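Engineer: Next up is a structure, given as structure tokens.
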Amino acid sequence: MTSVCEYRAGLEGVPVTQSSISFVDGQKGILEYRGIPIEELAAKSTFLESTYLLIWGKLPNRQELEEFKRDIQNHRRIKYRIRDMMKCFPESGHPMDALQASAAALGLFYSRRDLDNPVYIRDAVVRLVAKIPTMVAAFQLMRKGNDPVQPRDDLDYSANFLYMLNEREPDPLAARVFDVSLNLHAEHTINASTFSAMVTASTLTDPYAIIASAVGTLGGPLHGGANEEVIDMLEQIGSVENVRPYLEDRLERKAKIMGFGHRVYKVKDPRATILQNLAEQLFEKFGRDKYYDIAIEMERAVEEKLSHKGIYPNVDFYSGLVYRKLGIPTDLFTPVFAIARVAGWLAHWKEQIEQNRIFRPTQIYTGEHQVTYIPIEERE
Ligand code: SDX
């Protein structure tokens, strides 16, 4: 069969599905979840309410939301066998690798596949949304040599994660800021990790394998791993005075500036603007972070040098400053991104299997034909 469309590196601009889950206008800096502007959801909604909206396509009524929250709360704990498995992980291992392994391990405990059954779909959504934060927090405590703490049923989703991570109840502002940040990271049309989830889903495998695929994809520095790289960059720059020399050097070497640029946004990522405001709220209450001044100067310098290419801050540029202020270790930034993006990955899983056709693209062959096999004794 000949190709039906021209080759586009990285599938840039190529539609691979029809979806009603979220919408991005990269020229106007618009992001909507099921048509609702992200600014509205950040101000008025919660991560779990947006998760329900993304997956089932409507805002839950009071009863639906309370049932969803209660079910999540009742499934936060992880099997002791998974905890015991995680205790064998090396402390030096990256938390994204620990998350990918433990997410896949969930599939060992739950029924493989019953994809035509809405109850199975909901059970898988509840388990994954509920257990991923517990596993992220558990590895953090284990790698310090401590036993993980059990989830607290009296705390809401975001407060409970910060409690499990830091072993103390978070300040209400910190819990609210964290919840808004999860909401901002929940979904973003067909990004690399979501596409990975869709391709895996299209083979009709189980949702635990799908999430493990997506976690592996998210971890790369060009995608979700950028938030960790941004803080490393700001620490390396060290002062406002060093921003421009650093930028000049990177550009001379044709190196990318972490936290900037986007395949779709050619203006400032609307999520970056909201995250900046969240960071400022935290600084007002808990004290300013010197790296914020460096970040502001970097944004200014990059705008001067690269705005003509449509290079502006993306979601990863300011998120790390929020997470630092919340006491989250740098190498946990991307697992936190994964906690949020599980919502979008599951929404696309559900949408994919409702209209499934296995992904099998084609190629433009650039190799040779009818090549002679040369016995090893005759090879150079
Ligand atoms: C996320 O897709 C999503 O929605 C992702 C995400 C989500 O919510 O799921 O939004 C989350 O992954 C955000 C992106 C995080 N990654 C980074 O911050 C890493 C740094 N950014 C770049 O690697 C890059 O901008 C990408 C990967 C994000 C997008 O790259 P593209 O679309 O493939 O662009 P490109 O590499 O083809 O670059 C086009 C031009 C090039 O210049 P020219 O060769 O044409 O002269 O823009 C330049 C690039 O050199 N460029 C940059 C740059 N990003 C692009 N130059 C300097 N610094 C950068 N960051």
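Engineer: Step by step: first the residues of segment 100-156, then only those that are small (Gly, Ala, Ser) and open to solvent by 60 Å² or more (accessible area, probe 1.4 Å), then the one that is nearest to ASP71 (Cα to Cα). Which residue is that?
Structural biologist: Ranking the candidates gives SER111 first.
Engineer: Moving on. From the set of residues in segment 1-26 that are closer than 20 Å to GLU187 by Cβ and more than 14 Å from the ligand (Cβ to nearest atom), which is surrounded by the most Cβ atoms within 10 Å (Cβ to Cβ)?
Structural biologist: The selected residue is THR17.
Engineer: Going residue by residue through segment 181-199, is there one that turns out to be away from the ligand (no atom under 13 Å from the Cβ) and either acidic (Asp, Glu) or more than 30 Å from LYS44 (Cα to Cα) (or both)?
Structural biologist: yes
Engineer: Does SER50 satisfy being open to solvent by 20 Å² or more (accessible area, probe 1.4 Å), among the hydroxyl-bearing types (Ser, Thr, Tyr) and either on the phi < 0 side of the Ramachandran plot or part of a loop (DSSP other than H, G, I, E, B) (or both)?
Structural biologist: For SER50, the condition - open to solvent by 20 Å² or more (accessible area, probe 1.4 Å), among the hydroxyl-bearing types (Ser, Thr, Tyr) and either on the phi < 0 side of the Ramachandran plot or part of a loop (DSSP other than H, G, I, E, B) (or both) - is not met.
Engineer: (1) free of Cβ contacts under 8 Å to residues at least 12 places away in the same chain; (2) open to solvent by less than 20 Å² (accessible area, probe 1.4 Å): which one isn't true of PHE161, the others all being true?
Structural biologist: (1)
Engineer: Quick check, is ASP249 within 16 Å of the ligand (Cβ to nearest atom), surrounded by fewer than 21 Cβ atoms within 10 Å (Cβ to Cβ) and more than 30 Å from ILE353 (Cβ to Cβ)?
Structural biologist: When the stated conditions are applied, ASP249 passes them.
Rundown of residues vs (1) without any contact (Cβ under 8 Å) to a residue 24 or more places away in the chain; (2) closer than 25 Å to ASN314 by Cβ, yes/no style:
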| site | (1), (2) |
| --- | --- |
| GLU6 | yes, no |
| VAL16 | no, yes |
| PHE23 | no, yes |
| GLY26 | no, yes |
| ILE30 | no, yes |
| ILE36 | yes, yes |
| PRO60 | yes, no |
| GLU64 | yes, no |
| GLU67 | yes, no |
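Engineer: Within 15 Å of the ligand (Cβ to nearest atom) and either touching a helix residue (DSSP H, G or I) at 6+ places or on another chain (Cβ under 8 Å) or not assigned by TED's automatic domain parsing to the domain that holds ALA159 (or both): is that true of LEU59 in this structure?
Structural biologist: no
Engineer: Mind checking which residues of segment 305-322 are more than 10 Å from the ligand (Cβ to nearest atom) and crowded, with 24+ Cβ neighbours inside 10 Å?
Structural biologist: TYR318, GLY320, LEU321, VAL322
Engineer: Would you say GLU91 is open to solvent by 30 Å² or more (accessible area, probe 1.4 Å) and either of a type in the set (Ser, Thr, Tyr) or in a loop (DSSP other than H, G, I, E, B) (or both)?
Structural biologist: On the way: open to solvent by 30 Å² or more (accessible area, probe 1.4 Å): yes; either of a type in the set (Ser, Thr, Tyr) or in a loop (DSSP other than H, G, I, E, B) (or both): yes.
Answer is yes for this residue.
Engineer: Here is a follow-up. Taking VAL230, is it within 12 Å of the ligand (Cβ to nearest atom), outside any loop (DSSP other than H, G, I, E, B) and not assigned by TED's automatic domain parsing to the domain that holds PRO95? Give the derivation first.
Structural biologist: Values: within 12 Å of the ligand (Cβ to nearest atom): yes; outside any loop (DSSP other than H, G, I, E, B): yes; not assigned by TED's automatic domain parsing to the domain that holds PRO95: yes.
The answer is yes for VAL230.
Engineer: Among the residues of segment 252-294, write down those that are surrounded by 14 or more Cβ atoms within 10 Å (Cβ to Cβ) and small (Gly, Ala, Ser).
Structural biologist: GLY259, GLY261, ALA272, ALA279
Engineer: Only helices (runs of 4 or more DSSP H) wholly contained in segment 165-226 count here; list those with 2 or more residues that are open to solvent by less than 30 Å² (accessible area, probe 1.4 Å), hydrophobic (A, V, I, L, M, F, W, C) and within 25 Å of LYS144 (Cα to Cα).
Structural biologist: 172-185, 207-218
Engineer: Within segment 295-304, count every residue that is open to solvent by less than 10 Å² (accessible area, probe 1.4 Å) and closer than 16 Å to GLN236 by Cα. Talk me through it step by step, then tell me what you get.
Structural biologist: Restricting attention to segment 295-304, the residues satisfying the condition of being open to solvent by less than 10 Å² (accessible area, probe 1.4 Å) are 295, 298, 301-302.
In the following step, the residues that additionally are closer than 16 Å to GLN236 by Cα were identified as 295, 298.
Qualifying residue count for the region: 2.
The values are calculated or read from the model by the stated rules, or taken from the named source; none is laboratory data. This is a predicted model, so every value here is computed, not measured. Glycine gets a Cβ as well: all are built from the backbone with ideal geometry, and neighbour counts include every protein chain shown. SASA here: full protein model, heavy atoms, side chains in, ligands and nucleic acids out. Shrake-Rupley method; radii C 1.70, N 1.55, O 1.52, S 1.80 Å.
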